[in-house]
Amino acid sequence: MENKGSDEVETLKTKFLSAWHNVKYSWALKSKTSFSRNSPVLLLGKCYHFKVEDDDSVTEACYEGSNEDSVMGNAEAFRKDFASRVWLTYREELPPLPSSTLTSDCGWGCMLRAGQMMLAQALILHFLGRDWTWSEAMTLQPLDTETWTTTAAKRLVASLQGSPRPSDQGSPPMHQAQARGSAEEADAHLKEMYHRTLVSWFGDSPSAHLGLHRLVRMGLTMGKQAGDWYGPAVVAHILKKAVEEATDPGLAGITAYVSQDCTVYSADVIDMSASALSDSRAVIILIPVRLGGEKTNPDYFNFAKSILSLEYCIGIIGGKPKQACYFVGFQDDSLIYMDPHYCQSFVDVSTSDFPLQSYHCPSPKKMPFSKMDPSCTIGFYSRSAQDYERISQELSKVLQPSARDKYPAFTFMQGHGRDYDLSAGLTPEKREWPFIRDPRRTATTTGDFVLL
């Protein structure tokens, strides 16, 4: 009887917390993000400038290290590019998460969501390319146009499911499009199929290969449970495990690598690129780092800008105290990020025409570099072993310390990690000390986020 009573108390506690979080995180603050017309904007390797008049200094203003084309005088191009990135946020009314009664990740799952967004960007590069944008990106409504409650979100999803979207009206089946339409139309249709499949991999159901349920289950093997706070290094290992164990044939050509003690061992990455099924596999390279002590060292600000200016960078997961974010770019001394702290209703991605609108964000946010928490994980995408050689050479130049920067954020080493035997006998997650908190400790360290 005591056990039954205890279970009932836990269930009531879970329901109360879920209800409170749904109220708290279903509220969209009416705040707008301002951008300067006089400074370039970098978004995952793409440089945008909002000045209309021709100015020879504009292209030069784009941050050093960016080899991408500069799009001048076109704020709409930036908006479309940003809104095309996959946005993963808190969700409610989920199937119960593994080993818990929780049906929402509100209040604790933001770092997992940030990791999902970074992984989704890697898959976009893999399947669609960096130049891809979603055809409906400009039709998204700004989040600050109304106050969203759970009921309002439900009404939106219901209306989207009940009415055909502009892209669906009169659209022929795939084989008819190829027969009657142009090659460009057929290619666009194929990419949209990839887009929809990619989003479905992050669905909030136990069967989704890269969904929240799968990530929470992976976390159980690392001492983490649903409702716990996840740091950026722990999430890196969870993402690696999820990609490696995904059984969908579409994910067979990609794998993931996590650095050891801020060191990327080139032979390990190249070995992972080799595959018996094909010439090579793409590798998602995840590097947990710490850019300072209690606060981010200002000497690393330019380093972060250089990283986000590279076309093969898939962003940075980290945040600020009490909030995890997915950093995708910058302007001047402010980071541009996607915010997972927004509660939306569950979407059944198993249907062929599930609504995609809630998986794309029309509203970028900005945050000063000075508020960035020093613990973070940086991500890169390498398509092949040859691609990795180029990436490692370019990053090694970015990482060369100046007179002020005595220590690079991370390093590349030739050979395998086992050749150095620096962490023999440790599990992969414990090799990342001090980024991962000892579960036996109750005190919060500077390497952890308090996610409220």
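The values are calculated or read from the model by the stated rules, or taken from the named source; none is laboratory data. Keep in mind that this is a model prediction, so the values were computed, not measured. All Cβ positions, even for glycine, are placed from backbone atoms using ideal geometry, and neighbour counts span all protein chains on display. The accessibility values were calculated without ligands, DNA or RNA, using every heavy atom of the protein model including side chains. Shrake-Rupley method; radii C 1.70, N 1.55, O 1.52, S 1.80 Å.
Points to keep in mind about this one:
- Which listed residue, of 386, 400, is polar (S, T, N, Q) and modelled with pLDDT under 90: 400
- From the options 219, 203, residue that is part of a helix (DSSP H, G or I) and among the small types (Gly, Ala, Ser): 219
- Of residues in segment 333-350 being over 16 Å from the mean Cα position of the chain (by Cα) and free of Cβ contacts under 8 Å to residues at least 40 places away in the same chain, the one surrounded by the most Cβ atoms within 10 Å (Cβ to Cβ): 334
- Residue 366 fulfils the conditions (1) part of a loop (DSSP other than H, G, I, E, B); (2) within 18 Å of residue 298 (Cβ to Cβ) except for a single criterion, (1).
- Among the helices (runs of 4 or more DSSP H) confined to segment 50-163, the ones with at least 2 residues that are under 16 Å from the mean Cα position of the chain (by Cα) and either modelled with pLDDT of 90 or more or within 20 Å of residue 242 (Cβ to Cβ) (or both) are located at 75-83, 110-127.
- Qualifying position, being under 30 Å from residue 400 (Cβ atoms) and either within 20 Å of the chain's Cα centre (by Cα) or not in a helix (DSSP H, G or I) (or both), among 210, 239: 239
- Criterion (of a type in the set (Val, Ile, Thr), open to solvent by 40 Å² or more (accessible area, probe 1.4 Å) and at pLDDT below 80) met by exactly one of 411, 427: 427
- Residue match in segment 300-311 (condition: within 20 Å of residue 339 (Cα to Cα), at pLDDT 95 or above and more than 17 Å from the chain's Cα centre (by Cα)): yes
- Taking the criterion of being assigned to a loop (DSSP other than H, G, I, E, B) and not basic (Lys, Arg), the residues of segment 369-402 that qualify are 372, 373, 374, 384, 400, 401, 402.
- Unmet criterion (only one of (1) hydrophobic (A, V, I, L, M, F, W, C); (2) assigned to a strand (DSSP E or B); (3) closer than 14 Å to residue 371 by Cβ) for residue 304: (2)
- Count of segment 362-384 residues which are surrounded by 23 or more Cβ atoms within 10 Å (Cβ to Cβ), out of contact with any Leu (no Cβ under 6 Å at 6 or more places or on another chain) and either closer than 24 Å to residue 347 by Cα or not hydrophobic (A, V, I, L, M, F, W, C) (or both): 3
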